[in-house]
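Trainee: Dropping the structure in here first, questions after.
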2 protein chains.
Amino acid sequence: MIRITKQTDYGIVLLTHLAAFPERQFNAPELAAETHLPLPMVSKILKLLAKEGLLASHRGVKGGYGLARQAEEISMAEIIAALEGPIAITECISVEGDCSHEPLCPVRSNWQRINDAVRAALMGISLSEMARSRPAGPQGLVTLGGGNARAAFAPAVLHEV
Amino acid sequence: MIRITKQTDYGIVLLTHLAAFPERQFNAPELAAETHLPLPMVSKILKLLAKEGLLASHRGVKGGYGLARQAEEISMAEIIAALEGPIAITECISVEGDCSHEPLCPVRSNWQRINDAVRAALMGISLSEMARSRPAGPQGLVTLGGGNARAAFAPAVLHEV
DNA sequence: TGGAATTCGTACTGATTCAGTCCTGTTTTA
DNA sequence: TAAAACAGGACTGAATCAGTACGAATTCCA
């Protein structure tokens, strides 16, 4: 279903939380507690986001994570690309050379159009827009689901009621 | 990477092929041969597409498949929804009731926006557009890849050279 | 009326990916 | 120097995917 992984789902929840408190710096346990997500996953995802340049990390006793840029300047496309790899990479490109019929391939150029359309849609939504319209209350994010069905477009963040 | 499955990938190749010859009717072995896709998969996918109303099937000796509608009237969103299930279903909707905090959930409404944006992008591309700009030659589709990496947006159709 | 061709439905299996955990090292602060 | 926090892998069970197989139902035609 053109699905995103839970890792991405979680990542967006975390980034949204960070964007809601731009001046604050969070460490992994804090974020895990406030978003009700499992700490190991949170830690893993934060590392990834820092490595990809979306988060600024500070080591040491008073370390933690903060947004590397303003929330307005971070698009959903960037976030997804950071957590899942580049959007719109065709296997025929990555495995370059395996496909000797590239000039004859009729499907690829059209898929490129779809890639572009979807990517454009994702680039049009910024993190700040995602963080907006959140209900008040610092008790963190209430999340959904708990089943084992895979998330479709819309993610399934687990909440521990 | 917001990926589609190979099944969908194959399905689009098949539909594209069907759209290129609107007057013709194809049976499964023909399509498999002309698209260089494995027959069992082709058969499986055609069944699904027929069940979902995108293809019209005719049983019996001279049976086969044809597009149920004109290619212009079939959008990529429909195709993907047919092959992978509904786009933009949140787990919290499908498991309805499991989520008692729905009104507090801050992430969902925003994900809905992303769903809508992506779905709009996919609805804007019709099958006829996908079938267009195909290179001439009735020898069927030349496909790509052969690796084991999962397809990102852009699919990886295997070709048997 | 019976046989052949074809779709239809469903169940099954191996391989791959995902979600989540754990451990060890490195850096920074106090 | 010790504690706190990030960094970077390796690992495992569960879920999903890709592909296969088989029997039943339907239609055409001789």
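Just so you know, all these numbers are worked out from the coordinates, no wet-lab data involved. Every value quoted in this text rests on a predicted model; they were computed, and no experiment measured them. Note that each Cβ is placed from the backbone with ideal geometry, even for glycine, and that neighbours are counted across all protein chains shown.
Trainee: Can you list the residues, at least 5 places off or on another chain, whose amide H is less than 5 Å from the amide H of B:Thr5, using H built in the peptide plane?
Mentor: Amide H to amide H, under 5 Å and 5 or more residues apart or across chains, B:Thr5 pairs with A:Ile2.
Trainee: Go through the range A:113-118 residue by residue and turn each phi into a ³J(HN,Hα) via Karplus (6.51, -1.76, 1.60, θ = phi - 60°); whole Hz please, and just put x for glycine and proline.
Mentor: Listing the rounded values in order: 5, 5, 3, 4, 5, 5 Hz.
Trainee: Let me confirm one metric for peptide B:35-42, namely the mean number of other chain beta-carbon atoms within 10 Å of its residues' beta-carbons.
Mentor: 0
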